[in-house]
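This is the structure, below, for whatever I ask next.
The values are calculated or read from the model by the stated rules, or taken from the named source; none is laboratory data. Since we're looking at a predicted model, the values are computed, not measured. All Cβ positions, even for glycine, are placed from backbone atoms using ideal geometry, and neighbour counts span all protein chains on display. Note: areas computed on protein heavy atoms with side chains; ligands, DNA, RNA excluded. Shrake-Rupley method; radii C 1.70, N 1.55, O 1.52, S 1.80 Å.
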Amino acid sequence: MPNVHKIAVATMSRDIRLFDVSSSACFEEFRLFGLSHVATTLCYWYDVKAPGERCVLMWGDEKGYVNLLWFLQPHKDLFETPFSDQSGPKPVFLPDICGQTLMVSYQQTPKIHNEPINRIIFEPCANLLVTSSESATSSLVIMDMNQRRNSYIWKIDKGVHCFDISWSLNVLVTAGLEPSIRMWNRYVTSRPVSVLHGHTTTVVDVLIHQALARIFSYSKDAVLKIWDIQSQYCVKTLPLRFPNIHVGLSPEHGSFPLLLSLAGGHALLVSCREYLALLRLQHVGSKDGPKNFSCTLYIPDLKQVVTACMDSSVVVWDVSTGRKHTEVEKAHGHEEITAMAADPGQHRLVTAAANGTIKVWNLLNGQPLHKLEAVSDTEVTGVICLHDNELLAVGWSQVVAQYSIGDLQDIYVKADEPWKSGQLHSDDILAVDHCPCLRLLATGSYDGEIIVWMVDTQRPVTRIQRPQSGRVYPPIDRLLFLQKRAQDSQCRGKPLLLSSQAGYICWWNVSGPKHKHGQFYVPHRVNECVKGLNTNNENSLLITGDGTGSIQIWDISQYDLSDEFVDKEPPLLCAWRAHEGAIVSMELLEQSGQMFLVTVSVDHSARLWTSDGGCVGSFGQEQQWDLSNPLTYQVNREIAIPAREEEKDRTEVHQSETTKSKSDLAVWGQSSRGMATVNRILSKDYCQQTVAASAPSPEEHLSLHILKRKSRAESFSSSDSFSPLPQRKEAMWDHMTLDLQREMASRQDRRLLFGDIDCTKLYRIGNECTPFQVLQIVEMSHLEDIPIRLAVLSRSESYSRASDLNSPLLSSDISGHSGTLSN
């Protein structure tokens, strides 16, 4: 009851209890008793335009009646009946308020059903009540509360177990004991418009999402299906594998397992005993609106930039003009594209998604060539194309999968034999890079471990930062081989591998007993990450892009990495603020002897930059640029985007620091017209002071958030949470920055929430549906330890629920736990 901040709970004792939830202390405020029958379903409505004028609490009971309790002035006390106990809830006897009063009015409709009412919906505009039951003679009824029109009665064999109706779409959806869904016109009761088949067990709940024109259906075997109303086809099937589900037993869902929340971000909640599953729905907005980019790739031969988005679209841009060349929508359905790669011939594009699917496309025409078998339905974080038509993929599956994509006739490509060394990573693989001249492959995981493999033998060469008891390492965000130095035989004994973790850039030697040779902190703010990591062809420059939206270019040509550990940063050539949000991917390209940068960010923009911080433009903008003509760059136009006021203030505050910087430090990114305003001038002295004073080491950075057993949701609300944001005038900036922080925290959140659960029971279902533990219950002992009467009763109830299952619930990965019960 949102307008009065109360929750109504119906019990088997023929009463309805109202709990006040307006404060942190939830307490029972009223108890409505004396009901003639047990309430089996509840419904509440209030006038949104005038929430204090009229609202009604409705319930259907076990005898087929609908009861309505009208509250005329809910902003005051709901009841003024005297009560004896001042400290407890106010008991209200229903017969005392059956008549019209100044506060409450009660009415009961004539008997509608012969069976208990299981669902009720109220339509205030037409004053209609829609109810359902499992009665074959009155399965669903639409009645006029004023009794001015005849009722519409549906007579369906075995009745209706659940239904939903959309008045704007004129669609009625029902489900019964059969594994099928019926779509009706609400004025035609004789035959359904369509029957949707696809479930294998009884459908326990259905919902209609009007904005998306979709139907959500959920069956007893914990399978959720999404149907398109117009085409009447299933567009997505998602098995929800809760930790408390056992093979052969039907899970307990309750009478109302689905809840659609349209407040804020659209979400769907699914309940299964003490667990909840949260599904983030696709944002409902304009098709041509700003894209939320996830990664980018540069194709040198075609002079094209490829960007991938979270809405599963792939766009190919002409880098010379910024014009859109090709776009592929719904490349992986509705799944976020998480990784991309191009084959050595630069004619095929490989994309990977959050659900484990991998596809190969023709870059010239955008046509699909291959669909690769998914080794797991978890996120793919990296793909590597080798010269011999071999493809390697890594991700949350913790293994290295290999494919052969040489045969163009094979539309569906199965995975090759497993990696010879098997699964050596004990946690999700987040980063990967390949060194062709040395035939080496490097993979980095969430627990901070880096494994260097020999591609030919598929054996590990060395394992770096191997997790040990009491030793915590931050996750590996990016890996980068220095390819030019690897080709020089004199440099092979020096550090050739770079890693980004917790904002630090670490230098590693892949040979010899001592691997780590140096590290330095990049962002000018603590608790940030570096998602952009690249170098030029000569390995003389290192380009980084961090979580603050800033780009830094470092001179590493003379970076001294001897046998001694180096903790100083290389010379910083230039730095500028490129985006309002965090940079998630970055590519380096060279044309006509000039270096350009492509960056994509969580602020829904993909931009092209010169090496001195000048903005060439944003991909997709109306005015195209000519890469050979600097006058067409956005930095040289009068239509430049004005800098934020707070950025101007920052520039003035740090202007004195700029003038005091050393002469060999060139500051770029700020023109006479105010374009590409520098957020902060990162001089060598200033960076050293910042890192020494406030930047924690990688180990200290992670220990602040992992050793404390609390959820990420609590971390975001605390004052010392993950990278607290400054107060800003634009709320959109806060929202976009938090998006990336939530993405980085999702993996750690899953571990914190499921840390005490048996991992063999847990099935991770990706970023679209993340189950979280509501209440941790200690499991009961085996059946032989339970008294005979309870064991027989539990067994009979379990198998009676599973009697209508036609197929196994889950794969065999959790079959070993079918002998235990979850309380």
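Would you confirm, using the coordinates I've provided, whether PRO495 is in contact with a Phe, Trp or Tyr (Cβ under 8 Å, 6 or more places away or on another chain), open to solvent by less than 10 Å² (accessible area, probe 1.4 Å) and farther than 19 Å from GLY532 by Cα? Outline the logic, then answer.
On the way: in contact with a Phe, Trp or Tyr (Cβ under 8 Å, 6 or more places away or on another chain): yes; open to solvent by less than 10 Å² (accessible area, probe 1.4 Å): yes; farther than 19 Å from GLY532 by Cα: yes.
Taking the combined requirement at face value, the residue satisfies it.
Quick one: TYR521 ticks every box in (1) crowded, with 21+ Cβ neighbours inside 10 Å; (2) modelled with pLDDT under 90 bar one, so which box is it?
Failing condition for TYR521: (2).
Of all residues in the stretch 302-336 being open to solvent by 40 Å² or more (accessible area, probe 1.4 Å) and assigned to a loop (DSSP other than H, G, I, E, B), which is farthest from VAL360 (Cα to Cα)? Walk me through how you get there before you give the answer.
Step one: list which residues in the stretch 302-336 are open to solvent by 40 Å² or more (accessible area, probe 1.4 Å), which gives 302-303, 310-311, 323-325, 327, 329-330, 334.
Applying the additional criterion that residues be assigned to a loop (DSSP other than H, G, I, E, B) yields 302-303, 310-311, 323, 329-330, 334.
Working: LEU302: 17, LYS303: 19, MET310: 18, ASP311: 18, ARG323: 23, GLU329: 15, LYS330: 14, HIS334: 17 Å.
Taking the candidates together, the pick is ARG323.
Among (1) at pLDDT 85 or above; (2) among the small types (Gly, Ala, Ser); (3) more than 18 Å from GLY547 (Cα to Cα), which single condition is SER511 missing?
(1)
Further question: So which residues in the stretch 237-260 are open to solvent by 40 Å² or more (accessible area, probe 1.4 Å) and not in a loop (DSSP other than H, G, I, E, B), if there are any at all?
Within the stretch 237-260, THR237, PRO239, LEU259, LEU260 qualify.
At pLDDT 85 or above, open to solvent by 40 Å² or more (accessible area, probe 1.4 Å) and among the acidic types (Asp, Glu): which single residue out of GLU134, GLU123 fits that description?
Going through GLU134, GLU123 in turn, the sole match is GLU134.
Tell me which of these VAL195 doesn't satisfy, since it passes every other one: (1) assigned to a loop (DSSP other than H, G, I, E, B); (2) farther than 19 Å from ALA267 by Cα.
The number of the failed condition is (1).
Right, another one. Hey, can you tell me all the residues within the stretch 493-524 that are without any contact (Cβ under 8 Å) to a residue 60 or more places away in the chain, of a type in the set (A, V, I, L, M, F, W, C) and not in a strand (DSSP E or B)?
Passing the criteria: only VAL522.
Here is a list: LEU212, LEU169, LEU207. Which entry is touching a residue at least 60 places away in the same chain (Cβ under 8 Å), farther than 26 Å from PRO239 by Cβ, open to solvent by 20 Å² or more (accessible area, probe 1.4 Å) and of a type outside the set (Val, Ile, Thr)?
The conditions single out LEU169.
May I ask you to verify whether PHE293 is open to solvent by less than 30 Å² (accessible area, probe 1.4 Å), modelled with pLDDT of 80 or more and of a type in the set (Phe, Trp, Tyr)?
Taking the combined requirement at face value, the residue satisfies it.
In addition: Between a first residue in the stretch 2-15 that is under 15 Å from HIS37 (Cα atoms) and a second residue that is at pLDDT 85 or above and outside any strand (DSSP E or B), which pairs have beta carbons less than 7 Å apart while being 6 or more apart in sequence or on different chains?
Qualifying pairs under 7 Å: MET12/VAL38; ARG14/LEU35; ARG14/HIS37; ARG14/VAL38; ASP15/LEU35.
Conditions first: (1) closer than 28 Å to GLY382 by Cα; (2) part of a loop (DSSP other than H, G, I, E, B); (3) not β-branched (Val, Ile, Thr). SER557 passes all but one, so which condition is the exception?
(1)
Would it be correct to say that ASN537 is outside any strand (DSSP E or B), polar (S, T, N, Q) and either open to solvent by less than 10 Å² (accessible area, probe 1.4 Å) or under 20 Å from ALA431 (Cα atoms) (or both)?
Here the answer is no, as ASN537 does not meet what is asked.
Of the residues VAL455, VAL432, which is open to solvent by 10 Å² or more (accessible area, probe 1.4 Å), within 16 Å of SER499 (Cα to Cα) and of a type in the set (Val, Ile, Thr)?
VAL432
Sticking with this one: Out of the residues in the stretch 470-492 that are without any contact (Cβ under 8 Å) to a residue 12 or more places away in the chain and among the small types (Gly, Ala, Ser), state the one that is surrounded by the most Cβ atoms within 10 Å (Cβ to Cβ).
By that ranking, first place goes to SER489.
Name the single residue, out of those in the stretch 587-619 being open to solvent by less than 10 Å² (accessible area, probe 1.4 Å), within 25 Å of the chain's Cα centre (by Cα) and not aliphatic (A, V, I, L, M), that is nearest to VAL306 (Cα to Cα).
Taking the candidates together, the pick is THR599.
Same structure, new question: List the strands (runs of 3 or more DSSP E) inside the stretch 359-475, counting only whole elements, that have at least 3 residues being within 27 Å of the chain's Cα centre (by Cα) and closer than 14 Å to ALA339 by Cβ. Break it down into steps so the answer makes sense when it comes.
Values: elements: 368-372, 380-385, 390-395, 401-404, 429-435, 440-445, 450-454, 459-464.
Qualifying strands (runs of 3 or more DSSP E): 380-385, 390-395, 429-435.
Please go through (1) among the hydrophobic types (A, V, I, L, M, F, W, C); (2) surrounded by fewer than 19 Cβ atoms within 10 Å (Cβ to Cβ); (3) at pLDDT 90 or above; (4) in contact with an Asp or Glu (Cβ under 6 Å, 6 or more places away or on another chain) for PHE33 and return the number of the only condition it doesn't satisfy.
Failing condition for PHE33: (3).
Right, ASP144: within 30 Å of SER22 (Cα to Cα), at pLDDT 75 or above and among the charged types (D, E, K, R) or not? Let's see the steps before the verdict.
Numbers: within 30 Å of SER22 (Cα to Cα): no; at pLDDT 75 or above: yes; among the charged types (D, E, K, R): yes.
It is false that ASP144 is within 30 Å of SER22 (Cα to Cα), at pLDDT 75 or above and among the charged types (D, E, K, R).
Checking GLY493 against (1) modelled with pLDDT of 90 or more; (2) under 30 Å from GLU590 (Cβ atoms): exactly one of these is not met. Which one?
If we test GLY493 against (1) modelled with pLDDT of 90 or more; (2) under 30 Å from GLU590 (Cβ atoms), just (1) comes out false.
Give me the strands (runs of 3 or more DSSP E) completely within the stretch 112-166, filtered to those with at least 3 residues that are under 21 Å from PHE216 (Cα atoms), ordered by residue number.
Those strands (runs of 3 or more DSSP E) span 117-123, 128-133, 162-166.
Quick check on my filter: what residues within the stretch 215-236 are surrounded by fewer than 17 Cβ atoms within 10 Å (Cβ to Cβ) and of a type in the set (Gly, Ala, Ser)?
The answer is SER231, and nothing else.
Got a sec? Which of ALA353, ALA374 is under 26 Å from ASP388 (Cβ atoms), surrounded by fewer than 21 Cβ atoms within 10 Å (Cβ to Cβ), touching a residue at least 12 places away in the same chain (Cβ under 8 Å) and of a type in the set (A, V, I, L, M)?
ALA374
Name the residues in the stretch 540-584 that are open to solvent by 10 Å² or more (accessible area, probe 1.4 Å) and of a type in the set (Phe, Trp, Tyr), would you?
TYR559, PHE565
What is the one condition in (1) within 23 Å of ARG478 (Cα to Cα); (2) modelled with pLDDT of 90 or more; (3) not acidic (Asp, Glu) that LYS371 does not satisfy?
It fails just one condition, (1).
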